[in-house]
Amino acid sequence: MIPLLSVSDLSVGFGRTPQANEVVRGVSFELADGETLAIVGESGSGKSVTALSINRLVDFGGGRITGGAIKLKRADGGVLDLTAASEPQLTRIRGAEIGMIFQEPMTSLNPVLTIGTQIEESFRLHRGLTGRQATAAAKDALDRVRIPDAARRLKYTPNQLSGGMLQRVMIATALACNPRLLIADEPTTALDVTVQAQIMALLAELKRETGMSMIFITHDIGLVAGIADKIMVMQNGEGVEQGELNQILDQPQHPYTQHLLQDVPHFASGRATRSDGRRDKATDTEPALKVNDLVVRFPVKSGFFGRATGAVHAVDGVDFDLMQGETLAIVGESGSGKSTTARAVLGLVRSTRGSFSASVRKAAAGQSALPIQMVFQNPYASLNPRLTIESILAEPVIATGGRVDAATRAKMATLLKRVGLPENSLERYPHQFSGGQRQRLCIARALMLNPSVVVLDEAVSALDVSVQARVLELLVDLQREFGLAYLFISHDMAVVERIAHRIAVIYAGQIVEIGDAKSVLSAPKHAYTKKLIAAVPTIDRRREHFEVDTRQVPSLVRPLGFEPGPARWEQFGADHRVRVEA
Amino acid sequence: MRMLRAVFAHPSGRIGGVIVALYLLLAVLGLLGLTPHNPLMQYRIDRLHAPDSTYWMGTDLFGRDVASRLMMGIGQSFTVAFFSVAFAALAGTVLGLAAAWFGRRWDGVLMRLMDVLLAFPAILLALLIVAVAGPGTRTSIVAIAIVYTPIFTRVVRGPALSLKAREFVDAARTFGSSSSYILTRHLLLNLVAPLTVQITLALAWALLTEAGLSFLGLGTQPPAASLGLMLSDSRNLMETAPWLMIFPGVAIMISILGFNLLGDALRDIFDPRMRRAIA
């Protein structure tokens, strides 16, 4: 029996001398009809390049296949070596026999064409359909990916659809011609967890319906447990381990696979929460940060004169307190108001109402202090590329009226050492550091002013999984050493589980559940929390069937003067409150 | 130093750099009066003398040495171009930063004003200003500066708006940095690259505008020389003394070529996507 796809000893290089610059070295695997292979690795491991070599899209990115063979079994039973195929041959194969979906649905679609036109293109090219026939085929394609009201959605342009919907459209386009192989390159990474669960469920269903094979590329080994038959783990351009799903997950042989499975944060339903710093003993002390009835609204203007006709209730009556040495994680999906909460606490957005107080800790003589500091999500954007590290670390001190003297320099050196950066970093520029190192720099900068509270807004989300684990460790160490309180904003349950003492789940601008991390994660009470936790991929959930749920987040736009009713809370256990659902 | 090496590693940067350096040298010599002859001296016997070993580029209707006048003219044209571009860049940067920083009404009013200025062709607007203020070197500097200010305002405002929304600016706000610190260290420092490119290209346009104004008799006033003025004087003698037209004409052409090549090279060098291709 000839496999559908057989890749042997594949090497791919880039640049003028591809042989000397190989990013994929000697990768081999086979894929039978109807099988799913997951390629798992971190950024730079060569997983995407391997996949892009199969449909030879890698050529357009400047890559060159330097060795090996990619044999595809054609529909007529013949075998074609794709490394030697001509461009016209490849054009016929792409889309018709090998479909592909990409990471960013927002940028993979042309913003000025309707989605109908873009789906029809595939039918026109490969099946020769035109006019009404093509439109009918496009509608069927949208029906197939469970987009409600497909006929009307065909006339939408991409900006009118959510990320999850767009990814469905991408899948519909890729599957338009019933390819026998679908390559999915991190198709859910840019999406929220609940949407990710829906897309994964959809892919699993479609695979069952059509019997196609799939290559699924991801950095999250937990995600593939639900869908893959085989796994290949890649590191530095080489396939370090491959085998059946259960064999890889249960008896990993290669140290890197073991590292991915053990050291990297995986969601464990509350079993991996922190055991230090329990709340009960500290209830009588002054909280490091207390937020009372925080409300942030943005006016919605419409009409010719731009009168305010309503308001976006981004944050609607949020209260919490944060003790010294404690981490409160605020979790929620995009648009839930978690980042706005953080920004309002720091004064980066003006709050409409509400109060917050933070305790200023005593600074050492001659040193200035600010009670709250922040670490941002994107370590590449939060450091000015034109300043040296010394100027970057000096800025908070200058801003608070301090002078850059010997004491400040000593503090810089100590902090740099503490966050694990080399001592000669001071005269270097941000671009000379990796993403993880830059995030350490941001942490050092936040600590320059002896804050009592550090707001971490998705602070590890942009980092590779194993770097994530190390930065989390650093954060926990620093918290113990300096007695810091963290307000940890995140969408990633696995990360939250490792660092949070308490968790607040935020939905549509309101906290719906707050309490002890273990209690919230292991026994969620609110319907939304349950849905959120059920959607988190874990390696324990192999081949579990997800419900396809297409409900959308409700609109946050309210008429002028609208006030939500008072919140009613139900208490579960010592430290676990849930908002009563209306 | 590193910048200079990068310019010379770039093919068009090399040519442009050499041309611009040569012109700068000629301009300085011309301004210092270190010319082969006195550019104002009228050698009456040698009127309309063809180029030879004494008069490298011939003489004009009054018997003045064209080569010396060309050097003086380059000095004059470059002075006008440099001062006007300097003022335009300064004003444009301040206005662009103000528009981006204060936003809302400021942004609207300032940018609409710039749109009005941009709606006129450059030379026409300069003519209008000079016509109102009277001809002369100073007024042409002011006129050209006003004409090119909107371009700098736009070049600064766009990137400044995007920089303002970057996380490092948010970070600066969280530790309470002053507006002036954010504007200079975080915005202006990151605008150096686009500004440098724009200044180089604007110099070429300013040279051309100055030549145009002088040609029409509204820029540099005789007996001083400028490239445009020399070209204008040569109009009626095109057939009897073609050198009077050829040398200043070619001088203008090559200088603009030089600045454009240099500007292109700088744009490539500052563009990180191109950096790898050159290195």
query: Measuring from a point 7 Å past the Cα of A:GLU238 along Cα-to-C-beta, which residues in region A:1-33 have an amide N at less than 11 Å?
result: A:25-27
field: Cα convex hull of region A:152-207 - mean projected area over all directions, nm²
entry: 4.3
task: Compute the FRET efficiency between A:ILE2 and A:SER43 as 1/(1 + (r/R0)^6), taking r as their Cβ-Cβ distance and R0 = 25 Å, and round to the nearest 0.05.
output: 0.15
statement: Semi-axes (Å, rounded, descending) of the ellipsoid equivalent to region A:103-193 per its C-alpha gyration tensor are 20, 15, 11
message: Over the Cα atoms of region B:4-128, each weighted equally, I'd like the Debye log10 I(q)/I(0) at q = 0.18 Å⁻¹, rounded to two decimals.
response: -1.01
task: Taking each pair of different alpha-carbon atoms in the protein assembly as shown once, compute 1/r for the pair, average those values, and report the inverse of that mean as the Kirkwood hydrodynamic radius in Å to one decimal.
output: 31.9
Axial C-alpha extent at least 15 Å, average Kyte-Doolittle at least 0.0 - helices from chain B (DSSP): B:11-32, B:66-102, B:104-119, B:122-133, B:137-164, B:189-215, B:243-270
message: Testing the spin-label approximation: label points 7 Å from Cα along Cα→Cβ at B:ASP271 and A:SER434. State their distance in nm.
response: 3.1
task: Note down the net charge around A:PHE102, summing +1 for each Lys or Arg and -1 for each Asp or Glu among other residues with Cβ under 12 Å from its Cβ.
output: -3
task: Take A:TRP569, B:TRP56, B:TRP205 and order them by how many other Cβ atoms sit within 10 Å, fewest up front.
output: A:TRP569, B:TRP56, B:TRP205
statement: Here the residues of region A:1-20 lying in the modelled label zone of A:ALA69, meaning backbone nitrogen under 20 Å from a point 7 Å along Cα-to-Cβ, are A:1-13
- line: What the 5 Å binned alpha carbon P(r) of region A:1-131 shows, as percent of pairs per bin from 0, is 2, 9, 17, 20, 19, 15, 11, 5, 1, 0
- prompt: How much length, in nm to one decimal, is gained on full extension between B:TYR43 and B:GLU239, taken as 0.36 nm per residue of separation minus their Cα-Cα distance?
  reply: 68.4 nm
query: Counting partner chain Cβ atoms within 10 Å of every residue's Cβ in A:386-396, what's the average?
result: 3
- request: Determine how many Å³ per residue the convex hull of the Cα atoms of region A:441-522 encloses.
  value: 107
task: Kindly put B:GLU167, A:GLU87 in sequence by how many other C-beta atoms sit within 10 Å of each C-beta, fewest to most.
output: A:GLU87, B:GLU167
field: Per-pair calculated FRET efficiency, R0 = 35 Å: A:ALA272 and A:SER334 via Cβ, rounded to 0.05
entry: 0.90
- request: Looking at region A:123-244, send over the antiparallel percent of its DSSP beta bridges, to the nearest 5.
  value: 55
- request: Please check which bits of region A:90-115 a label hung off A:ASP59 would reach, taking the label as a point 7 Å along Cα-to-C-beta and the cut-off as backbone N under 13 Å.
  value: A:90-94
statement: Between the Cα axis of helix A:115-127 and the main Cα principal axis of chain A, the angle (0 to 90°, nearest 10) is 20
query: Label points 7 Å out from Cα along the Cβ direction at A:GLN253 and B:TRP56: separation in nm?
result: 8.0
- prompt: Modelled label-to-label distance, B:ARG105 and A:ARG208, 7 Å Cα→beta-carbon offset: nm?
  reply: 6.3
- prompt: R0 = 56 Å: FRET efficiency of A:TYR156 with A:ASP405, Cβ-based, nearest 0.05?
  reply: 0.40
field: Gain in span if fully extended, A:GLU563 to A:GLN19, counting 0.36 nm per residue against the direct Cα distance
entry: 189.3 nm
Scattering curve values for chain B, log₁₀ I(q)/I(0), Debye with Cα scatterers, q = 0.11, 0.15 Å⁻¹: -0.72, -1.11
task: Find, among the trypsin sites (Lys or Arg not before Pro) in region A:116-223, those assigned to loop by DSSP (not H, G, I, E, B) with at most 11 other beta-carbon atoms within 10 angstrom.
output: A:LYS155
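Only the coordinates and a few stated rules stand behind these numbers; no lab work does. Everything numeric in this text was worked out from a predicted model, so none of it was measured. Please note: Cβ atoms are built from the backbone with ideal geometry, for glycine as well, and neighbour counts cover all protein chains shown.
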